[in-house]
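A.B. asks: Right, I'll just put the structure down here and ask away after.
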Number of protein chains: 2
Amino acid sequence: MEVLKTIAEMRQARKASKKTMGFVPTMGYLHEGHISLVRQAREKNKLVAVSIFVNPTQFGPKEDFRTYPRDTKHDLSMLKPHTDFVFMPSDEEMYPEGYDSWVEVKGITDMLEGSARPGHFRGVSTVVLKLFNIVQPNRAYFGQKDAQQLAVIKKMVKDFDVNIDIVACPTVRESDGLAMSSRNTYLTPEQRRSAPVLYQSLQLAQELAKQGEWDALAIRKEMTKLIQKESQADIEYISIADNETLKEIHRIKYPALVSMAVRFGRTRLIDNLVLEE
Amino acid sequence: MEVLKTIAEMRQARKASKKTMGFVPTMGYLHEGHISLVRQAREKNKLVAVSIFVNPTQFGPKEDFRTYPRDTKHDLSMLKPHTDFVFMPSDEEMYPEGYDSWVEVKGITDMLEGSARPGHFRGVSTVVLKLFNIVQPNRAYFGQKDAQQLAVIKKMVKDFDVNIDIVACPTVRESDGLAMSSRNTYLTPEQRRSAPVLYQSLQLAQELAKQGEWDALAIRKEMTKLIQKESQADIEYISIADNETLKEIHRIKYPALVSMAVRFGRTRLIDNLVLEE
């Protein structure tokens, strides 16, 4: 495994081999969710590259950029069995003084995470385009956990004619259903015990839809009731939307994306499930 | 020479050979200025690709997209001696229904053409990024005539880590000094006789600076006086700016970009000259 800390080194490594490459962009503090992406990249490609870069431009001014958890040593030891190249650029090289070019994916960035975190997807799509241009993979792997991010990246790749296959990978969960996330580390023990209620509410939505409940508002109400039983949980949004346009729907129509953001104290968790026929 | 009318055909053609490729994006209605770009691409690369695409997204709602001159047959005959691939995509394939992703290069797009033509550079940078992703050249050639466009493309390529060399090529002029442009065809015979005053005013600026005139305002005044002698000429702006930031300067400091937009009736011409020590 080679660790490459500059753009020039990464370009050089890529230039040295024309083999198919799978790429997993991450912000580090890796967990089994990330490793499942890396494993899928490993299966389908001769080479696997992973980037570790806590991207400052996707954090809002009041968000957790500075305190976002970092543990490079542990990350590298997790990646070693599966990875050929780890790209770890500096903030200064990715965003030098005078940097001011941005990718704006419109429409599907207006709602949900985009509305709760203004500028977030501008930062995400910009850094992903930059990483794609540097790493030049054949395929790139993203988790379904960040459903809107996945939709935004897919749209950018389609609209900009980027010649890279975007592969969506299922959310990896703890045994009690909590979706794996680097931010889970922020939870107090009590919050951690409450957090599985997100996935429980998603399962409830699925169950209600299966039983023939067609009214999205009724499903949202049941989900809300369940989550509110946890005194620590503070719902930011619960959405039931068209899985492609991400527009809210009133009547269930498959495939539908049920997604949410819930705060536990200062920690904000997201989760989602796609309802399918 | 192969003419490729779909993105898939162009990708296939590029995939078939890994030779170095020079690329000249154009909106067609080619003149010697374009051909000089193609010749320079020919000299330095094994393969030469030219795109012909009148890009709707860089025209304002009141601009000349529909009437922009087109003559594909003549274009192809001009390209034939120099070109391997001509890429001519349709509007529908470049901007399918639901298209909504954009490149925003900030800062240097606020002034000059950017201020006179809101959204123009968003359209330019977006289509150029798309064309780069489809054609995948090693080098791309742009004329100095569109000085701000050149600066915007260079900035985008640098900021987005696009792995393509941008080559700037000198403005090609008619024997009386008028910069070649597809829009010159709009000029009435009388306007055409007046139009060389743009270049004359640029030469005057150069002469004054050489003689030690350090006051940009004084130079602009002399240029204005000269251009106003032509009754058909209607000055939109005359700018003397830092050649990199494009910010207006008060005292001449090299290299400085002297640029202008002047209307002759409904036809809008631009020209520029870089003052160097």
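The values are calculated or read from the model by the stated rules, or taken from the named source; none is laboratory data. All values reported here derive from a predicted model rather than from experimental measurement. All Cβ positions, even for glycine, are placed from backbone atoms using ideal geometry, and neighbour counts span all protein chains on display.
A.B. asks: Would you mention how many residues in the range A:248-263 are more than 19 Å from the chain's Cα centre (by Cα) and not acidic (Asp, Glu)?
C.D. replies: Qualifying residue count for the region: 7.
A.B. asks: Which number in (1) in a strand (DSSP E or B); (2) on the phi > 0 side of the Ramachandran plot marks the one condition that A:Leu257 misses?
C.D. replies: Result: A:Leu257 passes all but (2).
A.B. asks: Which one is surrounded by the fewest Cβ atoms within 10 Å (Cβ to Cβ), of the residues in the range A:61-102 that are touching an Asp or Glu at 6+ places or on another chain (Cβ under 8 Å) and in contact (Cβ under 8 Å) with a residue 40 or more places away in the chain?
C.D. replies: The selected residue is A:Asp84.
A.B. asks: Somewhere in the range B:44-60, is a residue over 19 Å from B:Gln144 (Cβ atoms), loosely packed, with under 15 Cβ neighbours inside 10 Å and of a type in the set (Val, Ile, Thr)?
C.D. replies: no
A.B. asks: Scan the range A:132-158 residue by residue and report those that are free of Cβ contacts under 8 Å to residues at least 40 places away in the same chain and buried (at least 23 other Cβ atoms within 10 Å of the Cβ).
C.D. replies: Matches in the range A:132-158: A:Ile153 only.
A.B. asks: In the range B:5-50, how many are under 15 Å from B:Pro89 (Cβ atoms), among the hydroxyl-bearing types (Ser, Thr, Tyr) and not in a loop (DSSP other than H, G, I, E, B)?
C.D. replies: So the answer is 1.
A.B. asks: Same structure, new question: Just for helices (runs of 4 or more DSSP H) wholly inside the range A:129-242: which have at least 1 residues that are assigned by TED's automatic domain parsing to the domain that holds A:Gly107?
C.D. replies: On the way: elements: A:147-159, A:189-194, A:197-210, A:216-228.
Hits in the range A:129-242: A:147-159.
A.B. asks: Another question, then. Go through the range A:75-104 and report how many residues are at the interface with chain B (Cβ under 10 Å from one of its Cβ atoms) and part of a loop (DSSP other than H, G, I, E, B).
C.D. replies: First, pick out the residues of the range A:75-104 that are at the interface with chain B (Cβ under 10 Å from one of its Cβ atoms): A:89, A:93-96, A:98-104.
Keeping just the survivors that are part of a loop (DSSP other than H, G, I, E, B) gives A:89, A:95-96, A:98-100.
Looking only at that region, the number is 6.
A.B. asks: Quick one: in the range B:246-277, which of the residues that are of a type in the set (Ser, Thr, Tyr) and surrounded by fewer than 21 Cβ atoms within 10 Å (Cβ to Cβ) is nearest to B:Ser231 (Cα to Cα)?
C.D. replies: It comes out as B:Thr267.
A.B. asks: Please enumerate the residues belonging to the range A:144-166 that are over 15 Å from the mean Cα position of the chain (by Cα) and more than 7 Å from chain B (Cβ to nearest Cβ).
C.D. replies: Selection gives A:Val157, A:Lys158, A:Ile164, A:Asp165.
A.B. asks: Residues of the range B:1-47 being farther than 24 Å from B:Thr126 by Cα and without any contact (Cβ under 8 Å) to a residue 24 or more places away in the chain, which ones?
C.D. replies: Once the filter is applied, which keeps residues that are farther than 24 Å from B:Thr126 by Cα and without any contact (Cβ under 8 Å) to a residue 24 or more places away in the chain, the range B:1-47 yields B:Ala16, B:Lys18, B:Glu43.
A.B. asks: If I filter the range A:111-121 for residues that are within 14 Å of another protein chain (Cβ to nearest Cβ), closer than 25 Å to B:Asp161 by Cα and assigned to a strand (DSSP E or B), do I get at least one hit?
C.D. replies: no
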